[in-house]
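A quick write-up on the structure given underneath.
Read-outs: derived from the displayed coordinates by stated rules, not from any lab. None of these values were measured; they are calculated from a predicted model. So basically every Cβ, Gly included, is an ideal-geometry build from the backbone, and we count neighbours across all protein chains shown.
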Amino acid sequence: MEKYRLLRDRVSKMVGVELVEPIGASDEDLLRVHTSTYVKAVSEGLLEDADVREIGFPWSEKMVERSRRSAGATVQACLAAINEGVAVNLAGGTHHAYANKGSGFCVFNDAAVAAKYVQDIYPKLQVAIIDLDVHQGNGTAAILGKDPSCFTLSIHGEKNFPFRKELSHLDIGLKDGVGDQEYLETLNQALEILESKFNPELIIYLAGADPHEGDRLGRLKLSMDGLAKRDQMVLSFARQHHCPIALAMAGGYGTDIQTTVDVHEQTIQLAFKHSLNKGY
């Protein structure tokens, strides 16, 4: 998508930010959460036509490479966050991908792949996935929703895609048209519930731009200021718990693509400021 190139161009001009080219996720990485049949079908171009339609874009070798690199970038962001406090994948958030299929422009589930990668290195690590894309992370919920070593939290539009929801550890569906105040109150309550039920040692934060009032697919009404406060709440929660945090950009489909990039850039700027705080 064009927004990723535009975002990278902007981030490359931010003083103090280091850009690193991601390494693609290996078969071993993907097989921690995806079935061998599915990984083989994607890698070798053996997907059925119906599977390709559900993903939403055609198969190609470049599609496979991009999907592997997107998952690998979230893995690398998690490892960097563990060492440095915070890191960002400029793409990622492919939360509609299931263990055995892709869906909704998502091929491999980067958050689930990354969570299980780091838990392979740190077997007792407790990983929270805070998914604030406007669409429910149904694939993540299906993969990790019953895993006691993870906590999947999704705040999403109840009537928005996907129309068949899965069970996360905590799901909160919002009605169409919700704005800043109600959204932020809901997020505060969700973080309190997370805190009461789980002790996160790594947070993977899907910071979707699609709750923005200018998004074509979002159906919520958050302002730029509301989204900044959203990001600050999640980053502050991580700081309060001395918890490393890795961010992925997830969705964003603004009527004006520059507005979507503005939202993502704002998130990254806030994450960078957060990284300067040494409270880990």
What does the charge count around residue 167 come to, taking other residues whose C-beta lies under 15 Å from its C-beta (Lys +1, Arg +1, Asp -1, Glu -1)?
-1
Residues other than residue 184 with Cβ under 9 Å of its Cβ, Lys/Arg counted +1 and Asp/Glu -1, net out at -1
Mean-position separation - Cα centroids, segment 85-161 and segment 1-58, in angstrom
14 Å
Pairs of alpha-carbon atoms within less than 8 angstrom and 6+ residues apart define the contacts here; what relative contact order does the chain have, in percent?
19 percent
Quickly estimate the mean residue ellipticity at 222 nm for the chain, helices only: each DSSP H run with n ≥ 4 gives -39500 (n - 2.57), and the total goes over all residues, rounded to 500.
-14500 deg cm²/dmol
For 261, 178, which order do you get if you count the other beta carbons within 10 Å of each Cβ and list the fewest first?
178, 261
Less than 13 Å Cβ to Cβ from residue 62, Lys/Arg counted +1 and Asp/Glu -1: what total charge do the surrounding residues give?
+1
Could you point to the label whose value was computed as volume of the Cα convex hull per residue in Å³ for the structure here, given [x] 128; [y] 113; [z] 137?
[y]
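About the Cα centre, and with charges only on the beta carbon of Lys, Arg (+1) and Asp, Glu (-1), how big is the dipole of the chain? Nearest 20 debye, please.
Working: 29 positive and 38 negative charges, 39 e Å.
For the chain, the charge dipole is close to 180 debye.
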Calculate how many DSSP beta bridges within the chain are antiparallel, expressed in % of all such bridges and rounded to the nearest 5.
5 percent
